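All of the numbers you see were taken from the coordinates with simple rules; none came from a lab. Worth saying up front: this structure is predicted, and the values here are computed from it rather than measured. Because the Cβ atoms are built from the backbone with ideal geometry, glycine has one as well, and the counts that use them run over all protein chains shown.
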Amino acid sequence: MSVSLTGKRAIVTGAAVGIGTAYAQALAAVGVHVAVCDVRPEIMALPDLLKRHGVQAAAWQADVSKPDDVRRVVDGTVEAFGGIDILINNAGVVWQTHPDDDLDKTLADYEAIVGTNLLGEFLMGRAVISQMLAQGSGGEIVNVATDHMVTCGSPFELCPKLPTCPWADAPRPTGGGDVMDLYDASKWGLNGLMFAWAKALRPHDIRVNSMCMGATDSWMIRDFFGYPQDRAEENDEQRETVDTWMAKEDTAQVVIELLQEGPSGRNAQNLNLCIGRPVCLEPALPHRYIKAETVDA
């Protein structure tokens, strides 16, 4: 049975462009009041679009790796909406990093990538968790991770081995290869947060799950590959690649369906959305890295 989200109050981080914008719009379309934040100044224009759905909306230009910015967004959301029911921990960055990078570059990359992808989700999660516990009415936390850490079911024997998947007969290699060590480390670290939070918060009807995103047509992946942001400017080779990517609007709908499961739904799950799998809410997988009784309703 689907739970209504109308009137719920959400924060979506990293919502100025790409997947985050799609998440915010999908939430507003089903009646959720939405607060958004991003380091980009464009974020300030998004509330006007969200309000067209008849909901309340608010925005902050903020950096989730900075505690003062996180407090400003969380406190501002509570002031604007009266509380927080949903957190979509989406803010993230990626670029190439190599194990043999010089130390100065490595330190700068670490601060930026791990600071946003792991520290940022930690800070925002901890701030929102405190508010949810004070409210005493449950809640939903969705961390946005990567398919690099759950590819082919992880472990492989749990994978549905769909005939449409290029790796149906053998596990796809985990990780992003030798050019994404910091990105992968930051996203793998989200498992520690998800499992611990899910166990601690289950008695309070707060669910914690992760969207493990594969190639999705968004600003970030286009920037990573050096592709134009406007589809009309793609060459034939780029267009052929982009056509294999998921649509961000479709992945946003999976998030909505996850939230509509309500407090009795799946918990501490990595939802794998990657090339070769249908863009839908697949059945929950058995737990292998955590005791099911600690997170299941």
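In segment 179-250, with Lys and Arg counted as +1 and Asp and Glu as -1 at Cβ, which of these residues, S186, T244, A232, has the Cα nearest the positive end of the dipole, that is, farthest along it?
Of the options given, the answer is S186.
Mean separation of Cα pairs under 8 Å and 6+ residues apart, divided by the residue count of segment 1-125: what relative contact order is that in percent?
Taking the mean separation of contacting Cα pairs over the length of segment 1-125, I get 26 percent.
Distance between Cα centroids, segment 231-254 to segment 43-95: provide it in whole Å.
First find each Cα centre; the distance between them is then 27 Å.
By a straight-distance test (C-alpha under 23 Å), which lysines pair with K51 as possible cross-link partners, with residues fewer than eight away in the same chain excluded?
Once the sequence-local lysines are set aside, what remains near K51 is K8, K248.
Using the Karplus curve 6.51 cos²θ - 1.76 cosθ + 1.60 with θ = phi - 60°, what ³J(HN,Hα) values do you get for each residue of segment 178-194, in whole Hz, with x for Gly and Pro?
My calculation for segment 178-194 gives 9, 10, 9, 4, 6, 4, 5, 4, 5, 7, 4, x, 5, 4, x, 5, 4 Hz in order.
Which of the lysines could be linked to K105 by a straight reach, that is with a Cα gap under 25 Å, when you skip same-chain ones fewer than 8 residues away?
By straight Cα distance, K105 reaches K66, K187.
Quickly work out the D100-to-N235 label distance, labels modelled 7 Å from Cα along the C-beta direction, and quote it in nm with one decimal.
About 2.8 nm, to one decimal.
Among the aspartates and glutamates, select those whose C-alpha is under 14 Å from the C-alpha of K199, and discard any that sit fewer than 8 residues away in the same chain.
Cross-link targets: E140, E293, D296.
What size of dipole, in debye to the nearest 20, comes out for segment 9-294 about its Cα centre when the only charges are +1 on Lys and Arg C-beta atoms and -1 on Asp and Glu C-beta atoms?
Roughly 1240 debye, rounded to the nearest 20.
Could you rank the peptides 231-241, 177-187 by their average count of other C-beta atoms within 10 Å per residue, with the highest value first?
So the peptides 231-241, 177-187, ranked by packing, come out 177-187, 231-241.
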